[in-house]
1. With a 1.4 Å probe and every protein chain kept in, tell me what percent of the accessible surface of region 775-825 is carbon plus sulfur.
2. Please list, in order along region 793-810, the HN-Hα scalar couplings obtained from phi with the Karplus expression 6.51 cos²θ - 1.76 cosθ + 1.60 (θ = phi - 60°), rounded to whole Hz, x for Gly and Pro.
3. For region 128-190, which whole-number percentage of the solvent-accessible area (1.4 Å probe, protein heavy atoms only) is attributable to carbon and sulfur atoms?
4. What whole-number distance in Å separates the alpha-carbon centres of region 727-791 and region 347-361?
5. For His234, tell me the accessible area in Å² from a 1.4 Å probe, rounded to the nearest 10.
6. Heavy atoms only, probe 1.4 angstrom, no DNA, RNA or ligands counted: give me Lys455, Lys209 ranked by accessible area, highest first.
7. Keeping all protein chains in position, work out how much accessible area Tyr611 exposes to a 1.4 Å probe, and write it in Å² to the nearest 10.
8. Express in whole angstrom the spacing between the alpha-carbon centres of region 407-485 and region 630-709.
Amino acid sequence: MAPPTYSGERLREVAFPLGGIGTGTVSLGGRGNLQDWEIFNRPAKGKDLPYTFFAIWAQPEGGPDGGAVARVLERQLLPPYAFGSGMPPSAVGGLPRLKEARFTGAYPFARIAFLDPHLPLRVELQAFNPMAPLDADLSGLPVAIFTWRLRNPGARPVRATVAFSLCNAVGYDGQATFGNRPTGPFFGGNVNRWLDEAGARGLFMTGEKAPADAPGAGSMAIATPWRETTFSEHWERAGWFDSLQSFWDDFRADGRLPDRATAEPTPEGLTDIGTLGLCATVPAGGEVAFPFVLAWHFPNLTNYWNRNSPVHGARLGNWYTTRHADAWEAACDVVRRLDDLTERTREFHDVLLGSTLPPAVLDAVSSQMSIIRTTTCLRTEDGAFHAFEGCNDTAGCCPMDCTHVWNYEQSLAHLYPALERSMRETDFRVNTRATGRMSFRTLLPVVSGELWDYKPAADGQMGCVLKLYREWQLSGDTEWLRALWPQAKRAIEWAWEPGSWDADRDGVMEGEQHNTYDIEFFGPNTMCGSLYLGALKGAAAMAEAVGDDKAATRLSELYESGRRGYDSLLWNGEYFEQRVDVRQAHQEAMSGPDWHPSPIKPGEDQPRYQYGPGCLSDQLLGQWFSHVVNLGYVLPEEHVRSALEATFRHNWRPRLDNHESCQRTYALNDEAGLLLCSWPRGGRPAYPFPYADEVWTGIEYQVAAHLIYEGLVEEGVRVVEGLRARHDGRRRNPWDEFECGHHYARAMASWSLLLALSGYHYSAPESRLRFAPKINRTRFRSFFSTGAAWGAYSQRLQAGKQTHLLEVRRGSLSLRTLDLPLPDGVTPPRVSFAGARIRRPVSTRPLPDGLIRLDLGADLALQEGQRLAIRLQT
């Protein structure tokens, strides 16, 4: 895939997050600027560090005096330029920049090609943070790596320096806005120290003002393996605009800096700017590549979000800071391993982006996996993974581990399954009470014993059971499952308690169902109900696996009853409706807390915030999840397909010019989008559920993937194309799909697009791998990952012969059976293998949907670097 490229006005909203899992990030703006410094243990949208930028000095040898050029290494600023007191000098807006930039982003790599007629060099930036599937520590390094490539198209050598100026922000609270000078009550005793050791040279930044347990206490560093360097430990400490003036005059003169190492602490209330420059002579027709490593180390993540709770202010710590003593040690580690880290990241990038999936799908899958590494997600000092729903500008949104929002996420589960399993540990070991009632949010630290005290979420609780099934299937760790099974079993059984969701135990939830729309549905509906069916079916399989035969039988019987019940109650001939239970709503109106909005208002006989006969985009949420984890159909197949067709027909809008919504706006005007609900048969309530008229990317991805699972590939891809067209760099940031906050977790449903289009499933307990591509069947290639391996799958069809190739890039893949597409007209095929040795006779049998199952007779372990080629032919 050729990744999207942004230039001109389409650079305006681009902000590409750079940072590791649980480390925080700094974003690379579309112009090459660094923005949104979110490394201080909280989100910080719009928070820029003063006087922090890259610059270049270049002079052709033998040229005329004064032939040197100095520029800020950013594209020229875009309008508006209106500032009440002028643009602050801390933004260095008055210094010359480059004419144009072309930003190409294919996460985790960003590339910017700069264009400028006055510069004697062609300049390109590559920026990334190391990322490799299954390796959470490699993918959790607190660094951003910048490589500046300078090409000389001229006939004379060019002397050049690229300089990185960085504000020592140690002590910063992540919230204050800087003025003309780098000052603040959190600064004082800040030191920039020049170091040359362990193969790295650069500046190590510390501070003394912040208390040792403050979120801003820590260190920063910029380092390089490049040997020809120049540096300024700190700019002139002066008033007005003198510090910037003196730096720029010195740099512009000859591309060199003072190179004095004094490590002088700053006075009270002030910090310093330090600069590291890399120097070279670029030969005619040649090029050089300057590597910079920015590193940070801020250990004190604290609970700032649960303000009215005993856990407020508790220290949680960061896992990443347990692995290095400070930012300089982290920077040196990365400098030492830079080639390997780059290679590992490039390997993943190339396999993923080499998939033959539609461009908009690959764009969605790759861009939204970045959420894992934003401040939406945390990895606390104990190594556990936790997450907000999203991020507000300066604080996390809707804490913590919200089960119903994280029902949609699939990226973390398939890229870092061990981290996802830690969330299941929290769900069942911490948040599930002895009664089976589950808190759908987590209070951190979990050792406090405090639990979120609110009604349980029906969709979230059932979704957790499905997620447990997914983690077991990917890992194959039945002993781990056995340890969590008693709590999972109780979570299911809580639905049968008097006054709960399925008190009559008929497999249909009739009771009050709190859900992801932040309201309660009263009466049967398939949004929560299909998750319940999936949970029952998955739980029956898990019960059987751990030897709980009695529970397995009961759960299977209840699943069959519920499957019949939902279909007979809610199928209207086209899609599934909600049957509103007015009695339940009246009971809630009388018993609910005073602060909770009553569903029955005076003078009204119907509860508010329902959808009744509406066509809900989420009506088959549990069926989508059941496809993802290969549980099959939980509702009749023909009805499922009809309901998906109806959802697309009624809820998809190619343009929203005439759409009316009094709710929040996520798509508008000429943009396309999928509405959360519509009422094609009439009967729209006066006050439907609060978000009914909105457009959410996470639900768009869920529906798009489900359309693909049902064979409606064109429709599914259209939804994705419309969604990504809204994030074009001019209207919205391509690497920030927001809902209730930036980098919203629900958008990681996008990973299910790859699963659906490749027809991928893996069952570790059975060592069974399946591929059934929905597109490009004659020449298909896709990334895949299991709980212990990742690699590439490809297939090629030629004149009655089909070749399948399985490549394990990292890890170890256990295989006993393979389910693969069968070439048309080839029944039964001749099977041959190449690569890994198959030691026993292989048996075959046809499967539905044009697949064939190959039984290898025993487990085959494909190791890192091994390939297995399978040929099916007449």
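1. 45 percent
2. 10, 9, 9, 9, 10, 9, 6, x, 10, 10, 10, 10, 10, 10, 10, 9, 7, 9
3. 47 percent
4. With region 727-791 and region 347-361 each reduced to a Cα centre, they are spaced 10 Å.
5. The value for His234 is about 50 Å².
6. Details: Lys455 40, Lys209 75 Å².
The residues order as Lys209, Lys455, largest area first.
7. 0 Å²
8. Computed from Cα coordinates, the inter-centre distance equals 28 Å.
The values are calculated or read from the model by the stated rules, or taken from the named source; none is laboratory data. It should be emphasised that the depicted structure is a prediction, and the values quoted were computed from it without experimental measurement. Cβ coordinates were reconstructed from backbone atoms using ideal geometry, including for glycine residues, and neighbour counts include every protein chain displayed. Keep in mind that these areas ignore ligands, DNA and RNA; they rest on the heavy atoms of the full protein, side chains included. Shrake-Rupley method; radii C 1.70, N 1.55, O 1.52, S 1.80 Å.
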